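Engineer: This is the structure, below, for whatever I ask next.
The values are calculated or read from the model by the stated rules, or taken from the named source; none is laboratory data. None of these values were measured; they are calculated from a predicted model. A quick note on method: Cβ atoms are made from the backbone with ideal geometry, for glycine too, and the neighbour counts reach across all protein chains shown. Only protein heavy atoms, including side chains, enter the accessible area calculation; ligands, DNA and RNA are left aside. Shrake-Rupley method; radii C 1.70, N 1.55, O 1.52, S 1.80 Å.
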Amino acid sequence: MDVVDEAADEPRKRGRPKVSSDHDKRAHIVEIARRVFVKCGYAGSTTAVVATEAGVSKQTLYKLFQSKEELFAAVVGAHRRLMLDLPRPAEDLSIAESLERIFMIDMDDDKDADRAGFLQLVFREAGQFPELIDILQREGMLASRQHLADWLRDRRVEGKLSLDDPDSGARMLMDMIFGGMGPPEGRAKAWPDRATLLAHLQRCIAIFAAGVGAA
């Protein structure tokens with residue numbers, strides 16, 4: 001995404017690239033910030049570095065994010081889509097097939113490395129910055145679990161499964177799948193290869209789907 005940082009009161013000249021919206025700038029800055037945090041660590045990252053790497057002024061960055069902590073929270077929120085592909089539109093698939101897509105269990109190695117790399121950063125620096133765990137929990141895991149509970153609740157309303165407590169079901173599923181993947185820093189040691197891991201995750205989802213009488 002090409003982001004142009006242009007002063008609001010400066011007239012646009014013919015042939016100049018269109019100024020991006022705040023939404024586009026925000027998304028661009030968040031993606032650059034994620035890369036900077038993973039590369040430099042939370043302690044080694046500054047908003048000035050992120051602004052430079054993103055090609056925007058510090059004034060623009062502070063207009064959208066008031067602090068490094070707020071920027072990190074936005075990165076966690078964006079990273080959430082690497083954990084669960086939710087919300088998502090209704091689809092004509094079995095519950096098991098939908099859950100495999102929601103958890104992206106066949107994610108390619110590069111994306112899986114991105115997902116694990118960011119989590120490694122949080123756990124590595126949590127001792128020095130305990131607020132990182134709080135942000136990950138609030139903006140990441142809790143929000144993801146709520147999206148999953150809402151999805152299960154909608155499928156129950158549609159009559160596609162029988163589940164008396166979707167919130168408990170969401171917690172159960174996330175424990176099964178993310179626990180089965182193994183901690184990001186030790187995933188390579190947890191499973192001999194991706195095929196074995198994938199088979200295990202598919203088995204977890206199949207057992208859950210059978211348990212809730214999924215159509």
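Engineer: Tell me, please, whether a residue that is exposed (fewer than 14 other Cβ atoms within 10 Å of the Cβ) and without any contact (Cβ under 8 Å) to a residue 40 or more places away in the chain can be found in the range 50-57.
Structural biologist: no
Engineer: Further question: Criterion first (farther than 28 Å from Gly159 by Cα and open to solvent by 40 Å² or more (accessible area, probe 1.4 Å)) does Thr60 satisfy it?
Structural biologist: no
Engineer: Consider the range 27-47. How many of its residues are farther than 17 Å from Val122 by Cβ and under 18 Å from the mean Cα position of the chain (by Cα)?
Structural biologist: Of the residues in the range 27-47, 5 are farther than 17 Å from Val122 by Cβ and under 18 Å from the mean Cα position of the chain (by Cα).
Engineer: Moving on to the next point. Please verify whether the range 172-193 includes one or more residues that are in a helix (DSSP H, G or I), in contact with a His (Cβ under 8 Å, 6 or more places away or on another chain) and surrounded by fewer than 18 Cβ atoms within 10 Å (Cβ to Cβ).
Structural biologist: yes
Engineer: Answer with yes or no whether Gly213 is farther than 17 Å from Asp112 by Cβ and outside any helix (DSSP H, G or I).
Structural biologist: yes
Engineer: Can I ask one more? Within the range 155-169, take every residue that is open to solvent by less than 60 Å² (accessible area, probe 1.4 Å) and part of a helix (DSSP H, G or I) and give me the one that is nearest to Ala210 (Cα to Cα).
Structural biologist: Going through the qualifying residues, I end up with Gly169.
Engineer: Would you mind stating whether Gly213 is at positive phi, under 21 Å from the mean Cα position of the chain (by Cα) and open to solvent by less than 60 Å² (accessible area, probe 1.4 Å)? Steps first, please.
Structural biologist: Details: at positive phi: yes; under 21 Å from the mean Cα position of the chain (by Cα): no; open to solvent by less than 60 Å² (accessible area, probe 1.4 Å): yes.
For Gly213, the condition - at positive phi, under 21 Å from the mean Cα position of the chain (by Cα) and open to solvent by less than 60 Å² (accessible area, probe 1.4 Å) - is not met.
Engineer: Search the range 193-205 for residues that are closer than 10 Å to Asp106 by Cα and pair each with any residue that is open to solvent by 70 Å² or more (accessible area, probe 1.4 Å) when their beta-carbon atoms are under 8 Å apart and the residues are at least 6 apart or on different chains.
Structural biologist: Partner pairs satisfying both residue conditions: Arg194/Asp109; Leu198/Asp106.
Table: residues versus (1) more than 17 Å from the chain's Cα centre (by Cα); (2) closer than 20 Å to Arg34 by Cβ; (3) of a type in the set (Asp, Glu).
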site: Asp106; (1), (2), (3): no, no, yes
site: Asp109; (1), (2), (3): no, yes, yes
site: Leu119; (1), (2), (3): no, yes, no
site: Val122; (1), (2), (3): no, yes, no
site: Ala149; (1), (2), (3): no, no, no
site: Asp154; (1), (2), (3): yes, no, yes
site: Ser162; (1), (2), (3): yes, no, no
site: Ser168; (1), (2), (3): yes, no, no
site: His200; (1), (2), (3): yes, no, no
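Engineer: Would you mind finding the one in Phe178, Phe123, Phe208 that is closer than 16 Å to Asp85 by Cβ and touching a helix residue (DSSP H, G or I) at 6+ places or on another chain (Cβ under 9 Å)?
Structural biologist: The match here is Phe178.
Engineer: If I ask for residues that are open to solvent by 20 Å² or more (accessible area, probe 1.4 Å), modelled with pLDDT of 90 or more and in a helix (DSSP H, G or I), which ones from the range 100-114 would you list?
Structural biologist: Scanning the range 100-114 gives Glu100, Arg101.
Engineer: Another question, if that's okay. Can you tell me which residue is least open to solvent (accessible area, probe 1.4 Å) among those in the range 127-149 that are farther than 15 Å from Val75 by Cβ and in contact with a Leu (Cβ under 8 Å, 6 or more places away or on another chain)? Walk me through it before giving the result.
Structural biologist: Of all residues in the range 127-149, those farther than 15 Å from Val75 by Cβ come to 127-128, 130, 142, 145-149.
Okay, now just the ones that are also in contact with a Leu (Cβ under 8 Å, 6 or more places away or on another chain), so 147-148.
Details: His147: 60, Leu148: 0 Å².
So the residue we want is Leu148.
Engineer: Quick check: anything in the range 143-152 acidic (Asp, Glu) and part of a helix (DSSP H, G or I)?
Structural biologist: Yes; the residues of the range 143-152 include at least one that is acidic (Asp, Glu) and part of a helix (DSSP H, G or I).
Engineer: Follow-up. Pull out all pairs, ordered by first then second residue, where Cβ-Cβ is under 6 Å, the residues are six or more apart or on different chains, the first lies in the range 73-99 and is closer than 14 Å to Trp151 by Cα and open to solvent by less than 10 Å² (accessible area, probe 1.4 Å), and the second is at pLDDT below 90 and in a loop (DSSP other than H, G, I, E, B).
Structural biologist: What qualifies is Ile95/Ala214.
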